[in-house]
Amino acid sequence: MSNDPIRPSNRLIIPALGPVYGSLGEFAETLLRVVAGLALVTHGFPKILNPLGGPVGLVESIGLFPGPAAFWAVLLSLTEFFGGILIAIGLLTRPAAFAATIVLLVTVYFHWILRSEGYAGAEKSIIWAAVTFYFAIRGANSHSVDARIGKTF
């Protein structure tokens, strides 16, 4: 029998897979967190090199208020790059993932509404927003810096 209350092994079509699912669940969650974090780092790296360059034009086209576009562009760059690092290593996971979720929801709005690309243009942002929202609610697991220091947000 599996320890997973949602999927006890006696309900599995192949009950012998219960221990496999049980033993790999935390690994799969860790892998998803690391991949999501590294994807944000990769996406944010060019922005962090020149946060007042390309990101300012993007922010101006969205029309974010209050404040100047440069402020939001720098915040976007920091959130993607450093937030991605925090998510990947599992430090301050919830606030970093919450901030990333907000950024991703803005990109959904940008692609779907402002650029009129609909679902096809916003699809990746929707998926990644769902992933970061999961970690904003769930936090990191035992394979994280949060777990090592024994504190979580």
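Rule-based calculations on the coordinates, nothing more; no lab input. This one's a predicted model, so the numbers in the text were calculated from it and none came from an experiment. Quick reminder, even Gly has a Cβ in these numbers, built from the backbone with ideal geometry, and neighbours come from all protein chains shown.
Checking understanding here: applying a Kyte-Doolittle mean of at least 0.5 and a length along the axis of at least 20 Å (C-alpha), which whole DSSP H helices in the chain pass? Correct list, ordered by number: 18-49, 69-89, 93-109, 118-138.
Amide H to amide H, which residues 5 or more places from residue 91 or on other chains are under 5 Å from it, using H placed in the peptide plane? HN-HN under 5 Å from residue 91: 145, 146.
Comparing mean-square fluctuations of 49, 86, 12 from a GNM of the chain with C-alpha springs under 10 Å, the top value falls on 12.
Overall, region 31-149 carries a charge dipole of about 280 debye about its Cα centre when +1 sits on the Cβ of Lys and Arg and -1 on the Cβ of Asp and Glu, all other atoms neutral.
Determine the sum of side-chain charges near residue 103: Lys and Arg each +1, Asp and Glu each -1, restricted to other residues whose C-beta is under 11 angstrom from that of residue 103. The answer is 0. In the chain, the ratio of gyration radius to Kirkwood radius, Rg to Rh, stands at 1.09 when only Cα atoms are counted.
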